1. Can you say what percent of the DSSP beta bridges in the chain, counting only those with both residues inside, are antiparallel? Round to 5.
2. In sequence order, what are the phi-derived ³J(HN,Hα) couplings for region 10-26 according to the Karplus relation 6.51 cos²θ - 1.76 cosθ + 1.60 with θ = phi - 60°, rounded to whole Hz, with x for glycine and proline?
3. Could you check the simple spin-label distance between N114 and E236, using points 7 Å along Cα→Cβ, in nm with one decimal?
4. Using label points projected 7 Å from each Cα along Cα→Cβ, tell me how many nm separate R215 and E34, to one decimal.
5. FRET efficiency for T82 and D199, Cβ-Cβ distance as r, R0 = 22 Å, nearest 0.05?
6. State whether the chain is rounded, prolate or oblate according to the following rule on the C-alpha gyration tensor (a ≥ b ≥ c being the square roots of its eigenvalues): a/c under 1.5 gives rounded; otherwise a/b larger than b/c gives prolate, and the remaining case gives oblate.
7. Only loop residues by DSSP count here, and only those with at most 16 other Cβ atoms within 10 Å; note down the trypsin sites (Lys or Arg not before Pro) in region 49-153 that meet that.
8. Hey, which lysines would be in cross-link range of K182, C-alpha to C-alpha under 29 Å, not counting anything within fewer than 8 residues on its own chain?
Amino acid sequence: MQSVDMTGKRILAFGAHPDDIEFGCGAVLLDAAEKGAAIDLVVLSRGEAGTHGNRSVREKEAMKAAEMIGAQVQFPSTAGDTRLRSDLEITLMAAKTIRRCLPDFILAPSGHLNQHPDHRETSIIARDANRLARYGKTPGLEGLDPHATQALLFYDISSESLGGDGMIPFLVDVSSQAERWKDLMACHESQTGNLDYVDLQLSRARTLGIQSGVRYAVRLYSEGPLIWSSLAGVAEAKAPRL
Ligand SMILES: [Zn+2]
């Protein structure tokens, strides 16, 4: 497959906790950044209710990880860990962020129910904010031009995640990023006392890679149909099976 230049493209990734983005789609972001994309991360809590670490440690870990990606990271003021709820206030805050960052792609946690409620709520917040950001006269967003994002995509955090109703899964080849992804996840030292979580994500990516004929692949989801310009595009995107 050809390497695609992403210079000029912008990606905005939402996470509920400081490690969500890196564990869920860090390899995809590393790959996009290497191809020239500019990346913004928005983390809606500092993981202060987690069993391990504390807010300042976890914020520093997220900043270290963002630096490795080459991304900007923001920690907006919210109700905090375990308290995220998709109300109008936080949705408008996220919509303003979208209008300021002008992303081509938004990445957010998949919204299935069987997971940490903050992940589910962050999914809803991102989805609703993406919609409000493009409407011309949304009250509360005056002064910022409407912005239509090219694609809203979702990533899995939990191992049992399988997207959600109506979501269309697709795979991204991240074979060239496996080692760096491991280092990126390791930035979250407070969460990796044993490396099971890191191994789990790498194992899942390896399994998906084996199934699709590459070394490592990460599964993302689209709510709407994906379109290729021709069958030739499908053939180019489709790696041969082993
Ligand atoms: Zn989380």
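1. Values: 9 of 26 bridges.
Restricted to the chain, the bridges split so that about 35 percent are antiparallel.
2. Values per residue, Gly and Pro as x: 10, 10, 10, 10, 9, x, 7, 10, x, 9, 4, 5, 5, 6, x, 9, x Hz.
3. Using points 7 Å along Cα→Cβ, the separation is 3.8 nm.
4. Once both label points are built, they end up 0.8 nm from each other.
5. On the way: r = 26 Å, r/R0 = 1.20.
Rounded to the nearest 0.05, the efficiency is 0.25.
6. On the way: a/c = 1.61, a/b = 1.12, b/c = 1.43.
Because a/c hits 1.5 or more and a/b fails to exceed b/c, the chain counts as oblate.
7. Details: sites: R55, R58, K60, K64, R83, R85, K96, R99, R100, R120, R127, R131, R134, K137; in loops: R83, R85, K137.
Loop-located and lightly packed - R83, R85, K137.
8. K9, K35, K60, K64, K238
Every read-out reported here was derived from the displayed coordinates using simple, explicitly stated rules and does not represent laboratory data. As the structure is a computational prediction, the values presented were derived from the model and not from experiment. Please note: Cβ atoms are built from the backbone with ideal geometry, for glycine as well, and neighbour counts cover all protein chains shown.
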